[in-house]
Amino acid sequence: MEHITLSFPATRTAKGKALAGVVGSGDMEVLFTADQGQALTIDITTSVDNSEQRWKALFTRLSALSSLPAGQMQIHDFGATPGVARIRIEQVFEEVAHA
(Lines give C-alpha, C1' and ligand atoms only; values in the text may rest on other atoms or scores of the structure.)
Protein backbone atom coordinates (compact mmCIF):
# COMPACT_ATOMS: atom_id res chain seq x y z
CA MET A 1 0.00 0.00 0.00
CA GLU A 2 1.20 3.48 -0.87
CA HIS A 3 0.20 6.71 0.88
CA ILE A 4 0.18 9.96 -1.10
CA THR A 5 -0.65 13.47 0.10
CA LEU A 6 -1.39 16.22 -2.43
CA SER A 7 -2.53 19.81 -2.07
CA PHE A 8 -4.04 22.11 -4.67
CA PRO A 9 -5.26 25.72 -4.42
CA ALA A 10 -9.00 25.90 -3.83
CA THR A 11 -10.96 28.39 -5.90
CA ARG A 12 -14.38 27.97 -4.28
CA THR A 13 -15.99 27.11 -0.99
CA ALA A 14 -18.47 24.36 -0.28
CA LYS A 15 -20.41 23.09 2.72
CA GLY A 16 -20.85 19.73 4.33
CA LYS A 17 -19.52 16.24 3.80
CA ALA A 18 -19.88 13.72 1.00
CA LEU A 19 -19.09 10.07 0.30
CA ALA A 20 -18.92 8.31 -3.06
CA GLY A 21 -18.08 4.69 -3.72
CA VAL A 22 -17.63 1.80 -1.33
CA VAL A 23 -14.22 0.71 -0.13
CA GLY A 24 -15.20 -2.95 -0.24
CA SER A 25 -16.47 -2.72 -3.82
CA GLY A 26 -13.09 -3.41 -5.31
CA ASP A 27 -12.47 0.02 -6.81
CA MET A 28 -12.44 3.05 -4.52
CA GLU A 29 -14.20 5.36 -2.10
CA VAL A 30 -13.87 9.11 -1.74
CA LEU A 31 -14.72 11.02 1.42
CA PHE A 32 -14.77 14.83 1.33
CA THR A 33 -15.23 17.37 4.14
CA ALA A 34 -15.53 21.00 3.12
CA ASP A 35 -13.81 23.75 5.08
CA GLN A 36 -13.18 27.47 4.74
CA GLY A 37 -9.47 27.18 3.92
CA GLN A 38 -7.62 28.06 0.76
CA ALA A 39 -6.63 24.55 -0.34
CA LEU A 40 -7.91 21.13 -1.23
CA THR A 41 -5.80 18.58 0.66
CA ILE A 42 -5.98 15.02 -0.63
CA ASP A 43 -4.82 11.95 1.30
CA ILE A 44 -4.69 8.86 -0.89
CA THR A 45 -4.15 5.29 0.21
CA THR A 46 -3.70 3.09 -2.84
CA SER A 47 -2.87 -0.50 -3.63
CA VAL A 48 -1.12 0.69 -6.81
CA ASP A 49 2.54 1.44 -6.15
CA ASN A 50 4.29 4.35 -7.88
CA SER A 51 1.03 6.07 -8.83
CA GLU A 52 1.71 9.57 -7.48
CA GLN A 53 2.23 11.07 -10.95
CA ARG A 54 -1.09 9.60 -12.13
CA TRP A 55 -2.92 11.19 -9.18
CA LYS A 56 -1.19 14.54 -9.69
CA ALA A 57 -2.15 14.50 -13.37
CA LEU A 58 -5.78 13.69 -12.53
CA PHE A 59 -6.14 16.58 -10.06
CA THR A 60 -4.26 18.97 -12.33
CA ARG A 61 -6.75 18.16 -15.08
CA LEU A 62 -9.73 18.52 -12.73
CA SER A 63 -8.48 21.92 -11.56
CA ALA A 64 -8.06 23.06 -15.18
CA LEU A 65 -11.62 21.98 -16.08
CA SER A 66 -13.44 23.34 -13.03
CA SER A 67 -12.88 25.03 -9.69
CA LEU A 68 -11.73 22.89 -6.77
CA PRO A 69 -13.48 23.33 -3.42
CA ALA A 70 -11.60 23.94 -0.17
CA GLY A 71 -11.50 20.97 2.15
CA GLN A 72 -10.06 17.61 3.09
CA MET A 73 -10.40 14.58 0.82
CA GLN A 74 -9.59 10.98 1.66
CA ILE A 75 -9.32 8.44 -1.12
CA HIS A 76 -9.10 4.70 -0.57
CA ASP A 77 -8.09 3.25 -3.94
CA PHE A 78 -7.95 -0.43 -4.73
CA GLY A 79 -6.97 -0.26 -8.39
CA ALA A 80 -9.71 1.92 -9.84
CA THR A 81 -9.19 3.12 -13.38
CA PRO A 82 -8.60 6.88 -13.87
CA GLY A 83 -12.13 7.16 -15.27
CA VAL A 84 -13.72 5.66 -12.17
CA ALA A 85 -11.50 7.81 -9.95
CA ARG A 86 -12.63 10.95 -11.74
CA ILE A 87 -16.31 9.99 -11.48
CA ARG A 88 -16.06 9.35 -7.72
CA ILE A 89 -14.23 12.65 -7.13
CA GLU A 90 -16.73 14.61 -9.23
CA GLN A 91 -19.61 12.93 -7.36
CA VAL A 92 -18.44 14.28 -3.99
CA PHE A 93 -17.79 17.72 -5.46
CA GLU A 94 -21.31 17.79 -6.89
CA GLU A 95 -22.86 16.66 -3.62
CA VAL A 96 -21.24 19.41 -1.53
CA ALA A 97 -22.01 22.01 -4.20
CA HIS A 98 -25.72 21.40 -3.53
CA ALA A 99 -25.51 21.21 0.28
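List of remarks:
- When residues of segment 37-89 are limited to those that are touching a Gly at 6+ places or on another chain (Cβ under 9 Å) and hydroxyl-bearing (Ser, Thr, Tyr), the one least open to solvent (accessible area, probe 1.4 Å): THR46
- For segment 25-36, a residue qualifies if it is over 20 Å from TRP55 (Cβ atoms), open to solvent by less than 70 Å² (accessible area, probe 1.4 Å) and out of contact with any helix residue (DSSP H, G or I) (no Cβ under 6 Å at 6 or more places or on another chain), and exactly one does: ASP35.
- The set of residues from segment 14-30 being modelled with pLDDT under 90 and not small (Gly, Ala, Ser) comprises VAL22, VAL23, ASP27.
The values are calculated or read from the model by the stated rules, or taken from the named source; none is laboratory data. Not measured: the values here are computed from a predicted model. Counting neighbours? That spans all protein chains shown, and the Cβs are built from the backbone with ideal geometry, glycine included. SASA here: full protein model, heavy atoms, side chains in, ligands and nucleic acids out. Shrake-Rupley method; radii C 1.70, N 1.55, O 1.52, S 1.80 Å.
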